[in-house]
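Trainee: My questions all concern the structure below.
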Protein chains: 2
Amino acid sequence: MAVTFLDTTLRDGAQGIGISFSLQDKLDITERLDAFGIDYIEGGFPLASERESEYFRHAKMLNLKHAKLVAFGSTRRPDASVDQDANIKALLEAETPTVVVVGKGWDAHVHKVIGTSLEENLRMIDDSISGFKQRNREVIIDIEHFFDGYFSNQDYSLQVLRTALDSGADRIVLCDTNGGTLPHQVSEVFDRLKQENIPPERLGIHCHNDAECAVACSLAAVAAGALHVHGTINGIGERCGNANLISIIPNVSLKMGIEVQCSPQLSGLTELSRYISEKTNAVPDRKQPYVGDAAFGHKAGQHADVILKDSALMEHIDSAKVGNQRHLVVSELAGRASVLPLLQELHNTHKSKMGSQNSNPSQSKSLEKNSPEVRNLIRRIKTREAGGYLYEAAEASLELEARRVLGIFRPLFEMTNYHIEIFRTREFESQTVGRLFLKAKLDDEGEVLDLMGAGVGDGPVATLDAAIRNALFLNHIDDTEKDNKPNNHFAFLKELSLVDYRVRVINPEDATNACVRVVISSACGSLPKTWDTVGVSKNIVDASIQALKDSYDYYYNRFILNQ
Amino acid sequence: MAVTFLDTTLRDGAQGIGISFSLQDKLDITERLDAFGIDYIEGGFPLASERESEYFRHAKMLNLKHAKLVAFGSTRRPDASVDQDANIKALLEAETPTVVVVGKGWDAHVHKVIGTSLEENLRMIDDSISGFKQRNREVIIDIEHFFDGYFSNQDYSLQVLRTALDSGADRIVLCDTNGGTLPHQVSEVFDRLKQENIPPERLGIHCHNDAECAVACSLAAVAAGALHVHGTINGIGERCGNANLISIIPNVSLKMGIEVQCSPQLSGLTELSRYISEKTNAVPDRKQPYVGDAAFGHKAGQHADVILKDSALMEHIDSAKVGNQRHLVVSELAGRASVLPLLQELHNTHKSKMGSQNSNPSQSKSLEKNSPEVRNLIRRIKTREAGGYLYEAAEASLELEARRVLGIFRPLFEMTNYHIEIFRTREFESQTVGRLFLKAKLDDEGEVLDLMGAGVGDGPVATLDAAIRNALFLNHIDDTEKDNKPNNHFAFLKELSLVDYRVRVINPEDATNACVRVVISSACGSLPKTWDTVGVSKNIVDASIQALKDSYDYYYNRFILNQ
């Protein structure tokens, strides 16, 4: 039997700090989750706000291919009837085929939080489940704090489970609401439930990551026979987050060999993860299992050789299965094996683009381990790394070096002159103004213009960024408008933004003669990935400019010239 | 029996992308790990580079209280003798009480990576262990790729284990080198090993996080009786990282109830985690289990009410046990207990120095937990940390805050005005000039002078440093020489130097409106220790000036005024 997944990114995930989805975000995400093959999408808590119930009015118009929409709410209130309960009513009005109803599984919560008797809590669970079943809803009951309840009052927690089973709940989900349960405890509980003749195939699991074990606790439940798992994409959620479906799904499908409905789309896992990072405005975690940029990264030269011999010797799965890629990280120690794939990719893309236009024989031959381009790139990298550059954390700058070696690099502009002033006076707490001169090429054919730009910003980097945009974008808008060309060649700059900026002193022992290394992460609205560029100088402003210029040049070469 | 921990932050952790520790970083981290109560500190791979072996020459001079230093290397090469092996020699020359020797546990690696026979691999393990035991080393053997080996050729992997046992290895560590093993597989392997009469108490575990299960796999081994766990602080390491000791330690100690040596220091866990984040120039993960800012954060209003009724209903542990706090953005320093010793030390030093000179009663009373100074300092720290300051990694700046609260802070100077220009032209590759105005006090009694300084340097920080020295030192030399006073009051500035400079964007999601935090490490020829100061601003130059000024002021107050 297949394991089914309920994604609660839009409900429990949205409780994470700094996360807030617009209605459109929620609808877009719903469609993406459906396309990936998620079985249940918990879209919100309709009683919570008008916006939450508005989502359901729109979401039911979506043409979902596979997923069932799920509305979330709680059991009826104590000493009230189901028919009069506002929460039950809101859940019904969401008109979803499936509802999740949360009920209390810990006696202490029954007494201290909802202030009712243990018996009334059982009746609340029974009435609520029966009420939805009578109205033809599929009912998933979340037994909140089940594990805390089990370890403090086993008998009562088992009574809660039996009540839910007898009331006809389709799936009974054991929730580790406080997130502190360990995997061996989950296994222990499932063993006991089997002894109590509670069928594991009607059970599900809902974990939080407070002990860094949410993925493992979910797997422990699946190993014990549970067929239903709750989680969020990238593990977003309050405190330390919910169980991360991005790791659970491939673990269940690829490693435990259990059927999952989304397996045909598994190669879209990395893209799904990055899409949600983008929607939650999070910098993607490079170290994220399965989908991070570094998840299949290999640093040492020796490892890279082994990888090429037999990747199964060094990788736990084939990265393509989850839509990720191997990265042979280049460092001082790197051998030829690790730069060859990059050169080949650039070379082949360029060759196929140039096609018959270009009959230069050096462009048409294929690259091999002993090609001069490989040697040249390694020499270049070694020289620059000896000077403090670090390409393993700046793959976009590395790609530019590779383009230089292949003779297919076209700079967006050449900076000839800059001048920045930073001052603090009685009038201004602290202020930066900058002006610069640069030469820019208008297109591949290359009309070269001398441009000047000026900008004001907080700090030298923001100021330079503003001045460069001013020079390239605004000046050129004026030019093109004169010529009645509304499509500005540099308009793409509007879409680029700096998302992170890191500085490191490389050789602190040299004190004021020390070099600094600046790494800038950039993003573009339409791209799922960020890219990193590096600059090195004794002068932090100069290092920042190098990294900034590389960022522009990377985007220009790869996505605008598309060469 | 207690579980022991081997921290490999400095060795395997340093394989993480973008991580590179200076020698001084490594020595500082070694002392911090020791103070926390880590049992073994794997400091490096002496054969890898001169810098790695230099670490061991310095580290053995450290006065460690508890931890054993460990050097890492591999078994001897195939068909060579232990006595002639460069790697074995480098390990011995590191002169550590303990060595970690890595040996192959997967038949496929023996054949395809080192290209020798299965028998020779067993001899390599036997010879290497015996060789170190004869030289009175404690030997930990890492069986690389043990789990992959076990699942492809059980018999051989068991032979490897038996060889290591018979050769007298003190601890035999099963490594999940590719990181893809799941916790139930670890349990299964340990069950089998028990059946094979391999004593679990001689076994250890070393996991990587490629399946997001490294913590859980480590716990599975401990649950099965293993007494030795390898990991890194914050789980840094190549690909998806190593097993995270920051989660494993409290899980083992607080949840599994197993004895660990560092339990008395467990409340320093959050501080240790943040210290390593700072040293690795990483943005601390707010969601990090146990120690993240959000780990005990509660967003929903309802939750917050429950928390006030009974925190055990909503939190998996008491956050104070790991030095974390409920709510957001409050550092572990914000507890009264932790600032009191600092205030008392400063207060008592000042009181004893003032002695009978000063009869102010507020100076002579002793400080207690409820003194207004304690409350004021905590309030000040909270306000400034909410604005992005971080005092955990800047204890010199914290001391200045404490002096301010006690009314015993004397600034060396007050900066009134500065102006910096940074430019690149055809004549100058890149150049910075600065000028500034400041007010300086000549001595405790306080003749106040308006001074002006100018300087040229590489980058804004060096330029400001030069201009400040120019204003204070050179101008004043002229004055004193006129008066025939050769001992310049500011002559100590000559001895100070900047030894490290770190910059971090605090809120990258705010893009160009983001604040940067600058941390400067300073040293003085005559002092054994460096000190760190912090500045925060949207403008990197302004943040740098704050940190620079704090550095001067710290030295001036503590060592020149000696108050």
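The values are calculated or read from the model by the stated rules, or taken from the named source; none is laboratory data. Keep in mind it's a predicted model, so treat the numbers as computed, not measured. Cβ atoms come from the backbone with ideal geometry, glycine included; neighbour counts cover every protein chain shown.
Trainee: Select from the stretch A:392-402 the residues that are within 12 Å of another protein chain (Cβ to nearest Cβ) and at pLDDT 80 or above and write down the one among them that is farthest from B:Asn281 (Cα to Cα).
Mentor: Going residue by residue through the stretch A:392-402, those that are within 12 Å of another protein chain (Cβ to nearest Cβ) are A:392-395.
Now narrow it down to the ones that are at pLDDT 80 or above: A:394-395.
Working: A:Ala394: 15, A:Glu395: 19 Å.
Taking the candidates together, the pick is A:Glu395.
Trainee: Then there is this: Going by the conditions given, is B:Arg162 without any contact (Cβ under 8 Å) to a residue 40 or more places away in the chain, among the basic types (Lys, Arg) and more than 24 Å from A:Leu182 (Cα to Cα)? Before you say what the answer is, go through the steps one by one.
Mentor: Numbers: without any contact (Cβ under 8 Å) to a residue 40 or more places away in the chain: yes; among the basic types (Lys, Arg): yes; more than 24 Å from A:Leu182 (Cα to Cα): yes.
So B:Arg162 fits the description; yes.
Trainee: For A:Pro264, indicate whether it is farther than 30 Å from B:Asp310 by Cα, away from chain B (no Cβ under 14 Å) and part of a helix (DSSP H, G or I). Reasoning before the result, please.
Mentor: On the way: farther than 30 Å from B:Asp310 by Cα: yes; away from chain B (no Cβ under 14 Å): yes; part of a helix (DSSP H, G or I): yes.
Answer is yes for this residue.
Trainee: Could you list, in sequence order, all residues of the stretch A:26-49 that are acidic (Asp, Glu) and surrounded by fewer than 18 Cβ atoms within 10 Å (Cβ to Cβ)?
Mentor: The initial filter retains those residues of the stretch A:26-49 that are acidic (Asp, Glu), namely A:28, A:31, A:34, A:39, A:42.
Passing the criteria: A:Asp28, A:Glu31.
Trainee: Of everything in the stretch B:545-563, what is under 17 Å from A:Thr432 (Cα atoms) and buried (at least 24 other Cβ atoms within 10 Å of the Cβ)? Give them in sequence order. Before you say what the answer is, go through the steps one by one.
Mentor: To start, the set of residues in the stretch B:545-563 that are under 17 Å from A:Thr432 (Cα atoms) comprises B:545-546.
The one that is under 17 Å from A:Thr432 (Cα atoms) and buried (at least 24 other Cβ atoms within 10 Å of the Cβ): B:Ile545.
Trainee: Please count how many residues of the stretch B:163-196 are over 30 Å from B:Gln134 (Cβ atoms) and either aliphatic (A, V, I, L, M) or within 14 Å of chain A (Cβ to nearest Cβ) (or both).
Mentor: Total satisfying the criteria: 15.
Trainee: If you go through the stretch A:98-129, how many residues are at pLDDT 95 or above and not in a helix (DSSP H, G or I)?
Mentor: 11
Trainee: Now for a different question. Would you please name the residue that is farthest from the other protein chains (Cβ to nearest Cβ), looking only at residues in the stretch A:239-260 that are surrounded by fewer than 23 Cβ atoms within 10 Å (Cβ to Cβ) and in a loop (DSSP other than H, G, I, E, B)?
Mentor: Here the answer is A:Glu259.
Trainee: How many residues does the stretch A:139-192 contain that are over 33 Å from the mean Cα position of the chain (by Cα), under 30 Å from A:Ala94 (Cβ atoms) and polar (S, T, N, Q)?
Mentor: Going through the stretch A:139-192 one residue at a time, the tally reaches 4.
Trainee: How about the stretch A:180-208: which of its residues are without any contact (Cβ under 8 Å) to a residue 24 or more places away in the chain and either surrounded by 22 or more Cβ atoms within 10 Å (Cβ to Cβ) or acidic (Asp, Glu) (or both)?
Mentor: A:Glu188
Trainee: Check A:Val456, A:Val405 and return the single one that is at pLDDT 75 or above, hydrophobic (A, V, I, L, M, F, W, C) and surrounded by fewer than 18 Cβ atoms within 10 Å (Cβ to Cβ). Quick ask: steps written out before the conclusion?
Mentor: Working: A:Val405 fails: surrounded by fewer than 18 Cβ atoms within 10 Å (Cβ to Cβ).
Residue meeting the stated conditions: A:Val456.
Trainee: Which of the numbered conditions does B:Glu138 fail, given that it passes all the others? Conditions: (1) surrounded by fewer than 24 Cβ atoms within 10 Å (Cβ to Cβ); (2) within 14 Å of chain A (Cβ to nearest Cβ).
Mentor: Tallying (1) surrounded by fewer than 24 Cβ atoms within 10 Å (Cβ to Cβ); (2) within 14 Å of chain A (Cβ to nearest Cβ), B:Glu138 fails exactly one: (2).
Trainee: Condition check: on the phi < 0 side of the Ramachandran plot, charged (D, E, K, R), facing chain B (nearest Cβ under 9 Å) and touching a Leu at 6+ places or on another chain (Cβ under 9 Å). Does A:Lys287 satisfy that? Let's see the steps before the verdict.
Mentor: Working: on the phi < 0 side of the Ramachandran plot: yes; charged (D, E, K, R): yes; facing chain B (nearest Cβ under 9 Å): yes; touching a Leu at 6+ places or on another chain (Cβ under 9 Å): no.
No.
Trainee: Take the conditions of a type in the set (Gly, Ala, Ser) and either buried (at least 23 other Cβ atoms within 10 Å of the Cβ) or at pLDDT 90 or above (or both) and apply them to B:Gly268. Does it pass? Don't jump to the end; show me each part of the working.
Mentor: On the way: of a type in the set (Gly, Ala, Ser): yes; either buried (at least 23 other Cβ atoms within 10 Å of the Cβ) or at pLDDT 90 or above (or both): yes.
In short, yes.
Trainee: Still on this structure, please answer the following. Mind listing just one residue for me: the one in the stretch B:3-45 that is of a type in the set (D, E, K, R) and either in contact with a helix residue (DSSP H, G or I) (Cβ under 7 Å, 6 or more places away or on another chain) or without any contact (Cβ under 8 Å) to a residue 12 or more places away in the chain (or both) and, of those, nearest to the other protein chains (Cβ to nearest Cβ)? Spell out how you get there, then give the answer.
Mentor: First, pick out the residues of the stretch B:3-45 that are of a type in the set (D, E, K, R): B:7, B:11-12, B:25-26, B:28, B:31-32, B:34, B:39, B:42.
If we keep only those that are either in contact with a helix residue (DSSP H, G or I) (Cβ under 7 Å, 6 or more places away or on another chain) or without any contact (Cβ under 8 Å) to a residue 12 or more places away in the chain (or both) too, we end up with B:7, B:25-26, B:32.
On the way: B:Asp7: 17, B:Asp25: 9, B:Lys26: 13, B:Arg32: 18 Å.
Within the stretch B:3-45, the match that is nearest to the other protein chains (Cβ to nearest Cβ) is B:Asp25.
Trainee: So, B:Val113, is that one hydrophobic (A, V, I, L, M, F, W, C), more than 27 Å from the chain's Cα centre (by Cα) and within 14 Å of chain A (Cβ to nearest Cβ) or not?
Mentor: It is true that B:Val113 is hydrophobic (A, V, I, L, M, F, W, C), more than 27 Å from the chain's Cα centre (by Cα) and within 14 Å of chain A (Cβ to nearest Cβ).
Trainee: Further question on the same structure: Which of (1) in contact (Cβ under 8 Å) with a residue 24 or more places away in the chain; (2) buried (at least 24 other Cβ atoms within 10 Å of the Cβ); (3) more than 12 Å from A:Ile129 (Cα to Cα) does A:Ala86 not meet, given it meets every other one?
Mentor: (2)
Trainee: Follow-up. Go through the stretch B:150-176 and give me each residue that's crowded, with 22+ Cβ neighbours inside 10 Å and in contact with a Gly (Cβ under 9 Å, 6 or more places away or on another chain).
Mentor: Once the filter is applied, which keeps residues that are crowded, with 22+ Cβ neighbours inside 10 Å and in contact with a Gly (Cβ under 9 Å, 6 or more places away or on another chain), the stretch B:150-176 yields B:Tyr150, B:Ser157, B:Val160, B:Leu161, B:Ala164, B:Arg171, B:Ile172, B:Val173, B:Leu174, B:Cys175.
Trainee: For A:Val536, indicate whether it is assigned to a strand (DSSP E or B), touching a residue at least 12 places away in the same chain (Cβ under 8 Å) and within 25 Å of A:Thr383 (Cβ to Cβ). Write out each step before concluding.
Mentor: Values: assigned to a strand (DSSP E or B): yes; touching a residue at least 12 places away in the same chain (Cβ under 8 Å): yes; within 25 Å of A:Thr383 (Cβ to Cβ): yes.
Yes, satisfied.
Trainee: For the stretch A:258-276, which residues satisfy the criterion of being in contact with a Pro (Cβ under 6 Å, 6 or more places away or on another chain) and under 25 Å from A:Ala223 (Cα atoms)?
Mentor: None - no residue of the stretch A:258-276 is in contact with a Pro (Cβ under 6 Å, 6 or more places away or on another chain) and under 25 Å from A:Ala223 (Cα atoms), so the list stays empty.
Trainee: Name the single residue that is farthest from the other protein chains (Cβ to nearest Cβ) among those in the stretch A:213-238 being in a strand (DSSP E or B) and in contact with a Phe, Trp or Tyr (Cβ under 9 Å, 6 or more places away or on another chain). Steps first, please.
Mentor: Of the stretch A:213-238, the ones in a strand (DSSP E or B) are A:228-232.
Retained after the next criterion (residues that are in contact with a Phe, Trp or Tyr (Cβ under 9 Å, 6 or more places away or on another chain)): A:228-231.
Values: A:His228: 19, A:Val229: 14, A:His230: 16, A:Gly231: 11 Å.
It comes out as A:His228.
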